[in-house]
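K.L.:
Please see the structure below; I have some questions.
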Amino acid sequence: MSFFSAVKSLAKRNTYLKREIYKYKFRSQQPDWNSLLSKEADFWKTAREDVSGGQKVLIATSVGSHLTGTRVESSLAAALTLRGAQAEMLLCDGVLPACLTCWYELFPDFRQFAASGPQKYYCRDCFKPAERMFSSLNLPVLRYGDFLAPRDLQEIEYISQKTAFADIPVYNIKGIAAGEHALAGALRFLARGDLNNEPLAEPILRRFFKAALISAAAVENLLSARHYDCAVFHHGIYVPQGLIGEVCRKHGVRVVNWNPGYKKHTFIFSHKDTYHHTMISEPASKWEDIIWDAEKENRLMDYLESRRHGSNDWIWFHEKPVFSRKTLETQLKLDPKKPCIGLLTSVMWDAVLHYPSNAFSNMQDWLNSTIEYFIRRPDLQLIIRIHPAEVTGALPSRQKVADEIKRKFPRLPEHIKVILPGNKLSTYTLMSCCDNILIYSTKSGIEFSAMGKTVIVAGEAWIKNKGFSLDAKDKKQYTAILDSLPLSAGQNREAVLRAKKYAYHVFFRRFIPLPFIEPTKTGPLFEIRLNSLKELMPGEYKGLDVICNGILKQSDFIFDSE
């Protein structure tokens, strides 16, 4: 075992060591722009001097320890400057009492976190390295603290303490849904889908609520003092990113959000709001007229096949999956005479946002209702595949779907099978046994629809309203769909073609390649590999041109390889 591996192994059992490793990453693994600038100082100086009169773009990174964010957004800042834009960076300087960088594995003492937050352990090591890195580009670096007056903080302290606990999730201030993002942040910290039975839920939620109010106030004051044409930042939800988006939209500042795509070297960008919302509402006209041919068919199906192993991805959740149909049949003891219906869960804490069109209040409500229904349908077999990311994701869930099922249904009938997240059986092999598949919000619906499966949507999945899935608008309609099961195996050719076009659109057009951002084997997920700043000029990388044109010209974030 290497020294670093030994340290990481110890860190799993030692919170202090784990924190020190993360702080080391914050300090030492920021992009090294100085080495490029030292070779091309005159070129960069001229580029910066040529931006007067260009669009003003706020790169609202905020969380300096978000290593993916600092890598991508520092690259964007440089690329936008080379296209004549005036880029300014925004960082939290330690004023937020909670944020995206806080989660339970780094703060296992919830009482301590509720009392003192991240400032004592993290804020300095989060802010300073990012400020140095952004400053090395000689671009303006703004701080949250510079846009907060004592009066703001006094009012925020009062609101955060006096608002009733039950009212926080729906709290709205000056048109800003501060409570929704505070709740999403607290659930992410706790890695839970709800706050039930969490002893310190209230002080932790109040800490994120206060952070949401501070974020909103700082950005409100910033936008009152300075003009921007566009704001660019990752996620678009949680604290502080969700609040940045809310305030920018209120002030008429265009918003661009982004996240990594599944495929290596790719990222998904969206106008106006986080992709969690925009991918559901994206007009079908963006993809339904794709001219389908054998080349696209082969390219898509080859990629979907690779998804089974994650060989072309930098985000996947199965390590060494088992594809054996015989192993599946032995484990599950399926009745060959009864049709199988698959059900795919999502991670309970992930992106808990308000979607008014959902048939159910949350995933657990949907899951309970579905199980209750299938208990009365012994003529069908229900295979519940709990998402592997519950245990293999970056933030393993503390609220396990299996535990919630057992609490509600201590004994399940034989025709309902629950596949635990750690089970090595491939989700693809499991779903191949199923005539129809039920989902709430998982993106797997894209793949299985393209493979010809009939997918039934009860939540906010991307395939909703695309014309090839069965979408339940309310519980009554959902029950009616279940009453019609099993539907004939496979969709009609027109629906499958439509599903394939959408899958191609997502994986090859909306996932935009940035080849100079490489996956790493250790440390952060990505690193920048550039030999010259001139590689960020227009015409060098088509994907970068698509992104910068979207930011500056409001064109679609669609990469057309043709």
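K.L.:
Look through F107, F113, F165, F127 and report the one residue that is in contact with an Asp or Glu (Cβ under 8 Å, 6 or more places away or on another chain) and closer than 13 Å to R207 by Cβ. Spell out how you get there, then give the answer.
P.N.:
Details: F107 fails: in contact with an Asp or Glu (Cβ under 8 Å, 6 or more places away or on another chain); F113 fails: in contact with an Asp or Glu (Cβ under 8 Å, 6 or more places away or on another chain); F127 fails: closer than 13 Å to R207 by Cβ.
Checking each option against the conditions leaves just F165.
K.L.:
Report, ordered by the first and then the second residue, all pairs with beta carbons closer than 6 Å, sequence separation of six or more or different chains, a first member in segment 164-181 that is in a strand (DSSP E or B), and a second member that is acidic (D, E).
P.N.:
I176/E246
K.L.:
A further question follows. Of N368, N358, N423, which residue is within 30 Å of E198 (Cβ to Cβ), in a helix (DSSP H, G or I) and in the same structural domain as R325 (by TED's automatic domain parsing)? Full working, then the answer.
P.N.:
On the way: N358 fails: in a helix (DSSP H, G or I); N423 fails: in a helix (DSSP H, G or I).
The unique qualifying residue is N368.
K.L.:
Further, regarding this structure: With the requirement that a residue be hydroxyl-bearing (S, T, Y) and over 17 Å from G261 (Cβ atoms), what does segment 498-546 give you? Steps first, answer last, please.
P.N.:
Step one: filter segment 498-546 for residues hydroxyl-bearing (S, T, Y), giving 502, 504, 520, 522, 532, 541.
Within segment 498-546, T522, S532 qualify.
K.L.:
Is there a residue in segment 344-355 that is assigned to a helix (DSSP H, G or I) and out of contact with any Leu (no Cβ under 8 Å at 6 or more places or on another chain)? Outline the logic, then answer.
P.N.:
Taking segment 344-355 first, the residues assigned to a helix (DSSP H, G or I) are none.
Within segment 344-355, not a single residue is assigned to a helix (DSSP H, G or I) and out of contact with any Leu (no Cβ under 8 Å at 6 or more places or on another chain).
K.L.:
Further question: Out of R411, R385, R376, report the one residue that is under 16 Å from L343 (Cβ atoms) and surrounded by fewer than 18 Cβ atoms within 10 Å (Cβ to Cβ).
P.N.:
Numbers: R411 fails: under 16 Å from L343 (Cβ atoms); R385 fails: surrounded by fewer than 18 Cβ atoms within 10 Å (Cβ to Cβ).
Just a single option satisfies the conditions, and that option is R376.
K.L.:
Within segment 125-144, does at least one residue satisfy the condition of being out of contact with any helix residue (DSSP H, G or I) (no Cβ under 7 Å at 6 or more places or on another chain), under 21 Å from A218 (Cβ atoms), free of Cβ contacts under 8 Å to residues at least 24 places away in the same chain and not in a helix (DSSP H, G or I)?
P.N.:
No, segment 125-144 contains no residue that is out of contact with any helix residue (DSSP H, G or I) (no Cβ under 7 Å at 6 or more places or on another chain), under 21 Å from A218 (Cβ atoms), free of Cβ contacts under 8 Å to residues at least 24 places away in the same chain and not in a helix (DSSP H, G or I).
K.L.:
Now a separate question. Please identify the pairs in which a residue from segment 188-199 that is under 18 Å from I237 (Cβ atoms) has its Cβ atom under 8 Å from the Cβ atom of a residue that is among the hydroxyl-bearing types (S, T, Y) and part of a loop (DSSP other than H, G, I, E, B), counting only partners at least 6 apart or on another chain.
P.N.:
R188/Y238; F189/Y104; L190/Y104; A191/Y104; A191/S397; R192/S397
K.L.:
Taking the condition part of a loop (DSSP other than H, G, I, E, B), surrounded by fewer than 24 Cβ atoms within 10 Å (Cβ to Cβ) and among the basic types (K, R), does R192 pass? Let's see the steps before the verdict.
P.N.:
Numbers: part of a loop (DSSP other than H, G, I, E, B): yes; surrounded by fewer than 24 Cβ atoms within 10 Å (Cβ to Cβ): yes; among the basic types (K, R): yes.
Here the answer is yes, as R192 does meet what is asked.
K.L.:
Same structure again: Test each condition in (1) crowded, with 18+ Cβ neighbours inside 10 Å; (2) touching a Leu at 6+ places or on another chain (Cβ under 9 Å) for W292 and report the one that comes out false.
P.N.:
Unmet condition: (1).
K.L.:
What single numbered condition from (1) at pLDDT 95 or above; (2) under 23 Å from the mean Cα position of the chain (by Cα) fails to hold for T81?
P.N.:
(2)
K.L.:
Follow-up question, since we're still on this one. What are the residues in segment 498-543 that are crowded, with 17+ Cβ neighbours inside 10 Å, of a type in the set (K, R) and modelled with pLDDT under 95, if any?
P.N.:
The answer is none; no residue qualifies.
K.L.:
Output the qualifying pairs, or none if there are none: Cβ atoms under 6 angstrom, residues six or more apart or on different chains, first residue in segment 247-258 and of a type in the set (K, R), second residue surrounded by fewer than 18 Cβ atoms within 10 Å (Cβ to Cβ).
P.N.:
Listed by first residue and then by second, the contacts come to K250/G175.
K.L.:
Tell me, which residue of segment 84-113 that is within 25 Å of the chain's Cα centre (by Cα) and in a helix (DSSP H, G or I) is surrounded by the fewest Cβ atoms within 10 Å (Cβ to Cβ)? Lay out the reasoning, then the answer.
P.N.:
The initial filter retains those residues of segment 84-113 that are within 25 Å of the chain's Cα centre (by Cα), namely 87-108, 110, 113.
So of that shortlist, the ones also in a helix (DSSP H, G or I) come out as 110, 113.
Values: F110: 17, F113: 23.
Of everything passing the filter in segment 84-113, F110 is surrounded by the fewest Cβ atoms within 10 Å (Cβ to Cβ).
The values are calculated or read from the model by the stated rules, or taken from the named source; none is laboratory data. In this text, all values refer to a predicted model and were calculated from it rather than measured experimentally. Heads up, the Cβs are rebuilt from the backbone with ideal geometry, glycines too, and the neighbour counts pull from every protein chain shown.
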